[in-house]
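The next block holds one structure in the form of C-alpha cells; read it before the comments.
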Amino acid sequence: MSQEQVPAGSRDAGAPVSLSSGELPRGDRFEWFVELVRENVAPFSLSSAHAHGFEARVTVADLGAVQVAHLVFESLRAARTLRHIRRDDPETYQLALIDGSPMITRQHDNEAEIATGSLVLFDTSHPLDTLVPDERGQGRVTLLRIPRNALPPAAGRVDRVLARQLVPTGVTGQVLCQYLTTVRDRAAELGTGERLRLGTIAVDLAAAFLAEHSDAQHLQSPESHRQVLRTRIDCYIESNLGSADLTAAHLAAHHHISLRSLHRLFEDRSETVAASIRRRRLERCRADLADPRLAGYPIAALAARWGFPAPAEFSRAFRTAYGLSPRAFRHRAGSGDAPHAAPLAK
C-alpha cells in the first residue's frame, strides 16, 4: 500500500500527512475521499458528478487539540443530517477559509454563498448542507477544526454566524488567514513542541475573530485577548522595522493601550519590547551584511534601511550583539568583493 493509500486512522500521532487520490484506481477514489472526510471532519453524505475518477488531495496537520486540514476536491454536495449527528458527533467547530471556488452553504437557519478569500463557520452538532456547484470548478478549503469546549461558552452567540460569510477585513481576520495559510503550506516543517504552541494560538485567533463577527466579545478569555494583541503587535513590529519611529511608545499609541500595559503584555518574555525591536533590526542588518548581492551598498545605508539612522549607534549595537564591527563582519562573511548589488527594497 502506498503512502497515499494509508487510512487516516493509521497515521503516526501528530505527524503531518499529505494524501492524494492519484495512486488509487479511479473507481475507488470517491469512497476514499468520503472516508477521509469522515475521519478528519465528520461523517457526511457526499455526492458528485465526478464520483468516478474523483480527483482530491488532503493534507492534515495535528496541532494538539486542534487540526488544520487542506482539502482540494472536485465539485460536490455534502450533507450532514440528524442521523449522522446521532450516530457520530465529534462536537467540533469547523472554521473554513475558502481558497478555491465559492461555496453555497446552509446551517442553523442561515444560508449564504461564501466567496473566495472569505471564511465560514460550521458546527458538527447541527445539520449542514453545502455545495460547490459543478460550473464553479475546483473546491479548495483550509479547515481549522476546534473542539467546542476549547472556546469560551457562548454557543448561542456563535450560532448566529454559522454558515455566514465572514470577511477577514480586520487585522485579526488577516492574521488568522495568514496563520492558516502558513501552517497549511509549511506543516511538514513543524516539530512537536511548535505544533502544540500553534494549536494554542489557533484557538485564540479563532475566538477573537468570531467575537468580532458575532458581537460577543466575551467569547475571548483575558488570556486569549492578550495572545491576540501580542500577535498583532508582533506582526506590526515585523512590518515596520525600517521605521525609525518604531518605539515602545509608538506601539502603545498605535494599538490604543498605555505604555505600562504594553510592557505588562510582554513581561513573560526574556526581553523588553525595545530590546526585541533592536534584536530584530540587528538580525536584518546582519543578514544584509552577509549578502554578497548587497556588497556594493554602504554599511550606513543598510543600517538606515532597518531603523538605525545614526551610524555610530548602529556600530556600537552591532559590536555588542555579535562581537565584531559591522565592517569586520562583512569582510569575514566574504561579501566584500561581490561584483553587483541587488536593489534595496524595504
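If R₀ is 25 angstrom, what is the calculated FRET efficiency for the pair GLU267 and THR181, using the beta carbon separation as r and rounding to 0.05? Could you put the intermediate results ahead of the total?
Values: r = 31 Å, r/R0 = 1.23.
The formula returns an efficiency of 0.20 here.
What's the extension gain from THR192 to ARG148 if we count 0.36 nm per residue and subtract their Cα-Cα distance? The partial results should precede the final answer.
Values: separation 44, 0.36 × 44 = 15.84 nm, distance 2.32 nm.
So the chain would gain 13.5 nm between THR192 and ARG148.
For region 3-219, what is the relative contact order in percent, using Cα pairs closer than 8 Å and at least 6 residues apart in sequence?
Working: 464 pairs, mean separation 43.5, N = 217.
RCO, region 3-219: 20 percent.
Give me the angle, in degrees from 0 to 90, between the Cα long axis of helix 311-322 and the longest principal axis of the Cα atoms of the chain, rounded to the nearest 10.
60 degrees
I'd like to know which of LEU82, GLY53, ILE98 lies farthest towards the positive end of the charge dipole of region 44-110, counting +1 on Cβ of Lys and Arg and -1 on Cβ of Asp and Glu.
Of the listed residues, the answer is LEU82.
Taking θ = phi - 60°, what integer Hz values does the Karplus form 6.51 cos²θ - 1.76 cosθ + 1.60 yield along region 43-53, in sequence order, with x for Gly and Pro?
Values, residue by residue: x, 9, 9, 10, 9, 7, 5, 10, 4, 7, x Hz.
Please list 121-129, 43-51 highest first by mean number of surrounding beta-carbon atoms within 10 Å per residue. Spell out each step's value before the answer.
Working: 121-129: 20.2, 43-51: 16.2.
Those peptides, ordered most packed to least, come out 121-129, 43-51.
For the chain, what value does the Rg/Rh ratio take when both radii are computed over Cα atoms and Rh is the Kirkwood radius, given to two decimals? Please list the in-between numbers first.
Details: Rg = 24.2 Å, Rh = 22.9 Å.
That ratio is 1.06, to two decimals.
Counting pairs of alpha carbon atoms under 8 Å apart in space and at least six apart in sequence, what relative contact order in percent does region 248-332 give?
This gives 19 percent for region 248-332.
For region 271-284, what does the Karplus curve 6.51 cos²θ - 1.76 cosθ + 1.60, with θ = phi - 60°, yield as ³J(HN,Hα) per residue in whole Hz, taken in order and with x for Gly and Pro?
Along region 271-284, the couplings run 9, 6, 4, 4, 5, 5, 4, 5, 4, 5, 5, 5, 4, 5 Hz.
Which longest run of the chain has no exposed loop site in it, a site being GluC sites (Glu not before Pro) in a DSSP loop with at most 13 other beta carbons within 10 Å, and the site itself not part of the run?
Details: sites that count: GLU91, GLU267, GLU271.
After excluding every exposed loop site, the longest remaining stretch is 92-266.
What's the exposure ranking of HIS52, HIS263, going from fewest to most Cβ atoms within 10 Å?
The most exposed by this proxy come first: HIS52, HIS263.
Between the helical axis of 171-186 and the dominant principal axis of the chain, each derived from Cα atoms, what acute angle in degrees is found, rounded to the nearest 10?
80 degrees
Using the Karplus curve 6.51 cos²θ - 1.76 cosθ + 1.60 with θ = phi - 60°, what ³J(HN,Hα) values do you get for each residue of region 289-304, in whole Hz, with x for Gly and Pro?
5, 8, 8, x, 5, 9, 5, x, 9, x, 4, 4, 5, 5, 5, 5
Direction-averaged shadow area of the convex hull around the Cα atoms of region 248-332, nm²?
On the way: hull surface 25.1 nm².
Spelled out: convex hull of the Cα atoms, projected over all directions, averaged, 6.3 nm².
With +1 assigned to the C-beta of every Lys and Arg and -1 to the C-beta of every Asp and Glu, and no other charges, what is the dipole magnitude of the chain about the Cα centre in debye, to the nearest 20? Show your work: numbers first, answer last.
Details: 42 positive and 40 negative charges, 294 e Å.
The calculated dipole for the chain is roughly 1420 debye.
Taking the number of other C-beta atoms within 10 Å as the exposure measure, put CYS285, CYS235, CYS177 in order starting with the fewest. Write out the running numbers ahead of the final one.
Numbers: CYS285 26, CYS235 14, CYS177 19.
With the sparsest Cβ surroundings first, the list reads CYS235, CYS177, CYS285.
Bear in mind that the values in this text are calculations on the coordinates, not laboratory data. Note that the structure is a prediction, hence the values are computed from the model and not measured. FYI the Cβ positions are ideal-geometry reconstructions off the backbone, even for glycines, and counts take in every protein chain you see.
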